[in-house]
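Just below is one structure, and these are the notes that go with it.
The values are calculated or read from the model by the stated rules, or taken from the named source; none is laboratory data. Bear in mind that the values here come from a model prediction, so they are computed numbers and not experimental data. Please note: Cβ atoms are built from the backbone with ideal geometry, for glycine as well, and neighbour counts cover all protein chains shown.
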Amino acid sequence: MSGISAQKSKLEIGTSVGTVKNITGITPGNPTIFTSVGHGFTNGTAVTLAAIVGTIAAQLNGETHVISNVTADTFALLDEDSTGKAYTSGGTATPVAYTKINGVLSFDGFDGTADELDTTDLDSDAKEFISGIKDEGKFGFEMKTLKTDNGQLALRANRTSGAVVPMKLTLPDASIASFNVIVKSIPTSGAVNAVLKGKVDTRISGPVVWS
């Protein structure tokens with residue numbers, strides 16, 4: 001059996017917004033399909049939606065979602081079921097622009113669990129449960145300390161501000177995990193005959209979307 005090498009994995013942090021693209025059509029359903037001619041997006045990109053008209057508008061405007069199933073002129077929201085809603089006109093999609101975090105040595109995380117909701121009652125023969133809200137857990141990574149790297153500078157800025165920030169992990173097999181985090185700590189350690197490095201600790205907020 002073979003596996004996926006972690007070598008050449010790329011970790012990125014959202015640092016700005018890209019060029020706004022016009023939406024010319026939306027096909028409601030599950031998933032929700034958008035038409036935006038020549039948008040230039042890629043799978044795993046997070047986009048913020050605005051100015052959509054129709055009964056679908058309240059569900060989408062102001063929301064940021066990770067896109068999948070990208071073609072030259074369309075993209076899909078796999079996490080948005082818009083069945084029964086209608087699209088009238090308009091709309092824009094503004095992508096998040098990402099900056100690579102250099103010096104990454106290893107990573108781990110996506111270790112959350114779902115709550116257990118006890119549904120046992122007097123008719124039960126044994127304890128019964130259903131799954132509750134899912135907690136995606138933490139995402140951590142060890143990196144060399146590079147004081148002038150733009151990705152690491154963005155990490156430190158978000159650690160100071162406390163803002164929720166989008167991140168994207170691209171694996172060598174082209175799988176992409178997109179998720180939002182709060183940056184909790186960025187420690188640095190040193191030793192004899194060793195470079196400065198540290199294990200960054202982040203907390204995932206919301207879902208992890210694979211594309």
Problem set entry | Selection within region 178-189 - surrounded by 15 or more Cβ atoms within 10 Å (Cβ to Cβ) and at pLDDT 95 or above | VAL181, ILE182, VAL183, ILE186
For this session: Test ASN102 against the stated conditions and say whether it is in a loop (DSSP other than H, G, I, E, B), out of contact with any strand residue (DSSP E or B) (no Cβ under 6 Å at 6 or more places or on another chain), under 28 Å from LYS147 (Cα atoms) and touching a residue at least 24 places away in the same chain (Cβ under 8 Å).
Result: yes
Problem set entry | region 90-137 - residue that is of a type in the set (Val, Ile, Thr) and in contact with a helix residue (DSSP H, G or I) (Cβ under 8 Å, 6 or more places away or on another chain) and, of those, surrounded by the most Cβ atoms within 10 Å (Cβ to Cβ) | ILE101
Seminar exercise, completed: Considering residues that are at pLDDT 95 or above and in a loop (DSSP other than H, G, I, E, B), the number found within region 7-18 is 3
Seminar exercise, completed: Residue count, region 51-63, condition surrounded by fewer than 17 Cβ atoms within 10 Å (Cβ to Cβ) and either in contact with a strand residue (DSSP E or B) (Cβ under 8 Å, 6 or more places away or on another chain) or of a type in the set (A, V, I, L, M, F, W, C) (or both), comes to 6
Seminar exercise, completed: Among strands (runs of 3 or more DSSP E) entirely within region 110-211, at least 3 residues that are within 26 Å of ILE67 (Cβ to Cβ) and under 17 Å from the mean Cα position of the chain (by Cα) occur in 138-144, 165-170, 176-185, 197-210
Problem set entry | Every residue from region 70-82 that is surrounded by fewer than 17 Cβ atoms within 10 Å (Cβ to Cβ) and free of Cβ contacts under 8 Å to residues at least 60 places away in the same chain | THR71, ALA72, ASP73, ASP81
